[in-house]
């Protein structure tokens, strides 16, 4: 399963797989992983450092943007933007 959003649907047990996806070569995969990790932020603070690392250090703008949305708690960014 390569779609990080689908991995995230598996629940907190998917966090280790999502963390691995943050190192993927595809920005699409990294962005999806950050978004999926954001869904666990309220209940699992261990996902905060990797989300912050993506925000501060990822070379791709879409990944950094996904990190912002994840930190805001708005992981449905595509449907919530005005």
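Rule-based calculations on the coordinates, nothing more; no lab input. Values in this document were obtained by computation on a predicted structure and should not be read as measured data. Cβ atoms come from the backbone with ideal geometry, glycine included; neighbour counts cover every protein chain shown.
Note on residue 9 and residue 59: the model spin-label points, each 7 Å out from Cα along the C-beta direction, lie 3.2 nm apart.
Between residue 17 and residue 68, the C-beta separation translates, for a Förster distance of 30 Å, into a calculated FRET efficiency of about 0.85.
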